[in-house]
Amino acid sequence: MSPSATARDFSADEILETGDPACFDVITCGPGPEGELPLTAEMLIHRASGDAFGMTEDAGMGWDPAALAGPQFVMLSTMGGIRGAGGRPIALGHHTGNFELGLALEAAAAVFQQAGAVPYAAYCSDPCDGRTQGTPGMFDSLAYRNDAASVFRRQARSIPTAKGVLGVATCDKGLPALMMALASFRKLPCVLVPGGVTLPPSEGEDTGKIQSVGARFARGELSLGDARRRACQVCASPGGGCHFFGTAASAQVAGEALGLALPHSALAPSGQPIWLDIARRSAKALMALAGRGVSTRRIVTQDAVHNAMVVHAAFGGSTNMILHIPAIAHAAGLNRPTIDDWTRINRTVPRLVDALPNGPVNHPTLRAYLAGGVPEVMLHLRAMGLLRLEALTVSGRALGDVLRWWEGSARRRALRERLRRADGVEPDDVILSPDRARQLGVTSTTCFPRGNLAPEGSVIKSTAIDPRVIDADGVFRKTGRARVFVRETDAVAAVKGTTDRPIEPGDVIVLICRGPLGAGMEETYQLTSALRHLSFGHEVALVTDARFSGVSTGACIGMVGPEALEGGPLGKLRDGDRIRIVVDRNRLEGTVDFVGDGGGDCTPEEGARRLAARQPRGDLAPDPLLPEETRLWAELQRAGGGVWGGCVFDVDAISKLIRAGRKAMGDR
């Protein structure tokens, strides 16, 4: 069936008439559940009526009335789709990352029930950034995170007698949203179950490279038959996050490093017994925390945030976590890390994981899990004195105790040996020692260039710049002509070569009006994946006020601030302007500057003066398809600290701004 095929039509009679007279035999009453609710005189006299009525509804849903006196726990999830017998899809989810989560929920619920507890489950499914790449659906992506966090909080608070919250999520926005919600429940115990990863195919491409299939076909680097076959064979299991260490994997690792998830739970293979076992043990951990009175306030601390940032750097994590970790910290009532904090940690922490897309070998994330995952990386970080070992985890033990357990555990030995036998890969070639990483030329993860085009800063995953364009001293240097676009579709067409002015080697693509105010700060992996996998792509750079997928690589500078629609210098650039990019991968220093135009080349200082004298481009405007909800999100996050503050809703700051606005308008 072609993508343009339509479903069959239906007649008016088929729509209006049932065709089954048995439907009219409507049952009008029933006997009701048998038994008695465990109500007490104290409950009826002193507690809210909702406590008793909630039990009435629970019995109506079929729970044993005699068991309703047990402690109540809420399970929150991004589950999507409908699975039939044997896992057959009856209705699809938005992506594999949420399709199997019901299995983990069932496993955890059974443990709660066996222990005499009462589990409740609620869902807020999440979108897929891969599915919405290059479409207006991307305008809802980042804004969804804040909305979902609010929904999760409301769902949990709607079981007011709950003793704790279990969260199960996998992917780019749903998992950060869930962690924001869990971190906000400071007086309750909370445990996170990472949704795991999908299996890579035994032969074929990964979920990152396959997203460049259109660009490779358009440029004649892939046949139509190969494109069809390869695109079909990518996902070798129906559940879990992508094969690469992108935002989903980074968020899972951050959740474990925060202490919110059990040790060695991030990146497990979705649907397999080891993953279901994590869900079961997580339910036990939550009940143990509740019994001991250990709340999330004691887990998600400033030390925990530090550990998450350190582990993120050691794994080579997604630049999107620069948005998400501050948002989690804000939800927990903690100080949000600043760009200076990120810079300091990335200069201190070496990258120790060889996983897609950072290289050098590019192992899938499942191998990182089998090699030891988060605790294995932490053993190296512990030896370097980079972790806060007193931080408490949901296991009930401090991080230092957890790492001592891991070092001698049977689990560690068995899974590392499994990696050797199954894939023929040595675990220490996936999770590297600091010495081994240096020998291989692996550099630290992230750099934050400034300059006359990015006075507030920007970000580049410097460790993933193509080695072919790095000078012998470890510095990336590029000066090229600007190709300026205000719409991603136009930039993609130029990259594919379907316009009269295709992108050429040496160009610097400048994509503007794609920040929060212009496009909800869309993710532009459609561009970066094409540049990664086209034969000439390593010779092209990208500068944008949008953001990137966690799997993005190359000389791609994003989150440039201020964005063009907020008066940023990017909004004054013209085609043919000269752009100079310098990124020192060793010192983690960088600049992005306008250094010339038709009047000749100039210094960055002179470039700043020329830009100041220019008027903004006449075509600066938000995308006409930007949803109203995202426009509202953009304004609210701007008042709450903006991009470098995590794009959060800071209610106090927003309220203060509204009051000031009312006063200025004379409305008291």
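The values are calculated or read from the model by the stated rules, or taken from the named source; none is laboratory data. Predicted model, so just to flag it, every value in this text is computed and none were measured. As a convention, Cβ positions derive from the backbone with ideal geometry for all residues, glycine included, and neighbour counts pool all protein chains shown. Quick note on the areas: whole protein, heavy atoms, side chains included, nothing else; ligands and nucleic acids left out. Shrake-Rupley method; radii C 1.70, N 1.55, O 1.52, S 1.80 Å.
Think of region 54-201 as having a plus end and a minus end, set by charges on the Cβ of Lys, Arg, Asp and Glu; of LEU166, GLY137, ALA115, LEU166 sits farthest toward the positive end of this dipole. Ranking TYR120, TYR525 from most to least accessible surface, computed with a 1.4 Å probe over the protein chains only, gives TYR120, TYR525.
Accessible surface ranking for GLU628, GLU504, 1.4 angstrom probe, highest first: GLU628, GLU504. Using all pairs of distinct alpha-carbon atoms, the Kirkwood hydrodynamic radius of region 1-83 works out to 18.3 angstrom. Modelled spin labels at THR499 and ALA653, positioned 7 Å past Cα toward Cβ, are 3.5 nm from each other. Computed about its Cα centre, the charge dipole of the chain is approximately 1840 debye, with only Lys, Arg, Asp and Glu carrying charge at their Cβ. If you average the alpha carbon positions of region 190-228 and of region 370-419, how far apart do those two centres end up, in angstrom? Between the Cα centres of region 190-228 and region 370-419 lies a distance of 31 Å. Taking all protein chains as they are arranged and a probe of 1.4 Å, the heavy atoms of ILE45 leave approximately 130 Å² accessible to solvent. Given their separation in residues at 0.36 nm each and the Cα-Cα distance between them, THR135 and LEU224 gain 29.8 nm when the chain is fully extended.
VAL475 sits among other residues whose Cβ lies under 10 Å from its own Cβ, and their net charge, with Lys and Arg +1 and Asp and Glu -1, is -1.
Per q in 0.15, 0.17 1/Å, what log10 I(q)/I(0) does a Debye calculation on the alpha-carbon atoms of region 301-412 return? The calculated log intensity ratios at q = 0.15, 0.17 Å⁻¹ are -0.69, -0.89.
Considering region 534-668, its Cα convex hull presents a mean projected area of 12.3 nm².
Angle of helix 651-664 to the longest C-alpha principal axis of the chain, folded into 0 to 90 degrees and rounded to 10: 70°.
FRET efficiency for the pair ILE159 and THR479, taken as 1/(1 + (r/R0)^6) with r the Cβ-Cβ distance and R0 = 60 Å, rounds to 0.50.
Can you check what the net charge comes to around ALA148, using other residues whose Cβ is under 12 Å from the Cβ of ALA148 (Lys, Arg +1; Asp, Glu -1)? Once positives and negatives cancel, what remains is 0.
Accessible surface of the chain, 1.4 Å probe: 52 percent of it comes from carbon and sulfur atoms.
Remark: region 258-352 carries a charge dipole of roughly 220 debye about the Cα centre, counting +1 on each Lys and Arg Cβ and -1 on each Asp and Glu Cβ. Do the alpha carbons of any pairs in LYS461/LYS496; LYS187/LYS663; LYS173/LYS656; LYS163/LYS656 sit beyond 31 Å of each other, and which pairs? Over 31 Å Cα-Cα: LYS187/LYS663; LYS163/LYS656.
Once all protein chains are placed together, MET309 keeps about 10 Å² accessible to a 1.4 angstrom probe. Here is the tail figure for region 80-124: Cα pairs spaced more than 11 Å apart come to 69 percent of all pairs. Quick one: net charge around LEU620, please, counting Lys, Arg +1 and Asp, Glu -1 for every other residue with C-beta under 14 Å from its C-beta. With Lys, Arg at +1 and Asp, Glu at -1, the neighbours total +1. Quick one: helix 101-114 against the long Cα principal axis of the chain, what's the angle to the nearest 10°, folded into 0 to 90? Between helix and principal axis, roughly 30 degrees.
Restriction of the GluC sites (Glu not before Pro) in region 384-479 to DSSP coil positions whose beta-carbon has at most 12 other beta-carbons within 10 angstrom yields GLU390.
When Rg and Dmax are taken over the Cα atoms of region 144-194, they come to 10.1, 31 Å. Computed over region 89-226, the Cα gyration tensor eigenvalues convert (square root of 5λ each) into semi-axes of 36, 18, 11 Å, ordered from largest to smallest.
Which residues does a label at VAL361 reach in region 393-421, if reach means a backbone N under 13 Å from a point 7 Å past the Cα toward the Cβ? In region 393-421, the label zone of VAL361 (backbone N under 13 Å from the point 7 Å along Cα→Cβ) covers 419-421. The mean accessible area for residues of the chain, using a 1.4 Å probe and ignoring ligands and nucleic acids, is 42 Å² per residue. The simple spin-label model puts a point 7 Å past each Cα toward its Cβ; for ALA122 and ASP601 those points are separated by 6.1 nm.
For SER458, the solvent-accessible surface with a 1.4 Å probe is about 0 Å², rounded to the nearest 10. The angle separating the long axis of helix 273-292 from the principal Cα axis of greatest extent in the chain is about 70 degrees.
Computed about the Cα centre, the dipole magnitude for region 121-270 is approximately 480 debye when only Lys and Arg (+1) and Asp and Glu (-1) carry charge, each at its Cβ.
Farthest toward the positive end of the dipole of region 486-600, out of VAL540, VAL560, LEU511, is the Cα of VAL540, where the dipole comes from beta carbon charges about the Cα centre.
Between ASP597 and ARG578, the built amide H atoms are under 5 Å apart, and every one of these is 5 or more places off in sequence or on another chain.
Model label points for GLU390 and GLN272, set 7 angstrom from Cα along the Cα-to-Cβ axis, are 3.8 nm apart. Per residue, the convex hull spanned by the Cα atoms of the chain measures out at 205 cubic angstrom.
Look at where the Cα atoms of region 289-327 and of region 133-160 average out, and the two centres are 20 Å apart. Length, then width, then depth: along the principal axes, the Cα atoms of region 158-254 run 60, 23, 23 Å. Each semi-axis of the equivalent ellipsoid for region 4-137 is √(5λ) with λ an eigenvalue of the Cα gyration tensor; in descending order they amount to 37, 26, 14 Å.
A 1.4 Å probe over all protein chains sorts CYS602, CYS235, CYS447 by accessible area into CYS235, CYS602, CYS447, starting with the largest.
Out of the chymotrypsin sites (Phe, Trp or Tyr not before Pro) in region 1-76, which ones are loop residues according to DSSP with at most 14 other C-beta atoms within 10 Å?
Sparse-neighbourhood loop chymotrypsin sites (Phe, Trp or Tyr not before Pro): PHE10.
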